[in-house]
Amino acid sequence: MVVLDISVVNVALPSIQRALGFDEAGLQWVVNAYALTFAGFLLLGGRLADLFGRKRLFALGLAVFSGASLAGGLADSAPLLIAARAVQGLGAAVLAPATLTVLTTTFAEGGARTRALAIWTAVGIAGGTAGNLVGGVLTEFLSWRSILLVNVPIGAVALVLTTRFLAGDRRAASRGRLDVAGAVLATAGLTALTYGIAQARTYGWGAPVTTAALATGAVAMMSFVVVEARFARAPLIPLRLFRSRAISVGNVAMVLAGACLNPMWYFLTLYMQKALHYSPVQSGLGFLPHTLVSIIVGVRVTPWLMRHLDGRVLIAAGALIAAGGFWWQSQITATSGYLTGILGPAIVFSVGSGLLNTPITTTVTSGISPADAGAASGLMNTTKQFGGALGLAVLVTIAGSHLDTPAALAADYGRAFLAIAAILVVVAAVALALPGQRDGERRRTMAG
């Protein structure tokens, strides 16, 4: 639900605009209200799971997310829909790190955790891809409201299963109070930076609204570091975590990977609908190979490889394979067929992304004490989402002219895909700076 709701509204935006009377400037906030609160509150959501219990926060996130989905689906005005989307993002920020924390504290490091993280990663990939198909089908055959209302029964079922099957945990009162100052500064900083990046897409990097937001975000983040290092009794993000090369370098790789793999859905959707003239449903169906290949590689192949290869080797290899796929994708034209314009590149870069996603996730959540598991999970999710926002803003600028002819659009999107390929080469280089890691099962096998 969390990942799907990032992309599910894209194909429904024209219907939402007609129904609620959005102007062009306001329509973007149907997407940005969710993205900003999601990215801005992720760190706080991760730490809350540590302080108040994984099960408790998981259930709270489900309830808030599902309730906001109901409100958004019933909204009869633009402000109400934007407010509901913002609350959805808040629920997602609590829910997303709680899901990962539940896994990392339930499964010990080794094969069991690797398989659990592989499934978690695959579900996220499937959710992101399915958003395009689900949004197209629901909008075309029901209503734009159904893309939000569908979360309500899913959330209700998940909440019942949570209360029945998820092991409870006690409130961690001994871990100290919530770092309110750090939470406010981190949330304000990341929100301002993300807002500035979003405004750069419309007004340019030198516009006053963009520079003011980015400057505010930078000052808030620098203040956050000072507070965490000098004043916080129970830091939101313990800076000692960054002494681990796996976490510091791994999160750099996560930012860069997010800057590539998240925005690619945006450009592929626009390419299929505007340059190739696919319908929303056809575009959603066109994404199915991406989902299937990523799940097969991520769930079946990558965990096996992690028992035999160093994690950093897999990350680097996956990044280079994905870079090759995006280079192929950059060769698109307005007359490219589905086989060579979509399917072929999709298979290649989906294999690469399937290889690198789980090792990165494993790297940045390994060697962490249970007390800091939520903080590490929140940090990882934040870097991934922030990387996606930053990457999209930069790539939209690189895409160029924004002319409406199919040939010009294909050329614009081709430049964006070429830039993605270049960034992934950098990801491969960063991966080589990670500490050597091997799956725990392999270590035990070798020891035996």
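Flag set for Asp439, criterion: of a type in the set (D, E, K, R), surrounded by 13 or more Cβ atoms within 10 Å (Cβ to Cβ), in the same structural domain as Ala323 (by TED's automatic domain parsing) and modelled with pLDDT under 75. Within the stretch 204-227, restricting attention to residues that are touching a residue at least 40 places away in the same chain (Cβ under 8 Å) and assigned to a helix (DSSP H, G or I), the residue that is nearest to Leu193 (Cα to Cα) is Phe224. Residue check: Met254 meets all listed conditions (1) out of contact with any Lys or Arg (no Cβ under 7 Å at 6 or more places or on another chain); (2) at pLDDT 75 or above but one, namely (1).
Each residue in the stretch 269-296 was checked for being surrounded by 23 or more Cβ atoms within 10 Å (Cβ to Cβ) and either within 17 Å of the chain's Cα centre (by Cα) or of a type in the set (Val, Ile, Thr) (or both), and 3 pass. For the stretch 71-80, the condition holds for no residue, the condition being that it is closer than 23 Å to Ile237 by Cα and either without any contact (Cβ under 8 Å) to a residue 24 or more places away in the chain or not hydrophobic (A, V, I, L, M, F, W, C) (or both).
Number of residues in the stretch 291-317 that are farther than 17 Å from Val348 by Cα and assigned to a helix (DSSP H, G or I): the value is 7.
Tell me, which helices (runs of 4 or more DSSP H) wholly within the stretch 1-111 include 2 or more residues that are buried (at least 20 other Cβ atoms within 10 Å of the Cβ) and modelled with pLDDT under 75? So the answer is 4-7, 29-52, 78-106.
Whether a residue is at pLDDT below 80, more than 17 Å from the chain's Cα centre (by Cα) and not in a helix (DSSP H, G or I) was assessed, and Ser366 passes this test.
The values are calculated or read from the model by the stated rules, or taken from the named source; none is laboratory data. All figures in this text were calculated on a predicted structure; none of them were measured in a lab. All Cβ positions, glycine included, derive from the backbone under ideal geometry; neighbour counts span all protein chains shown.
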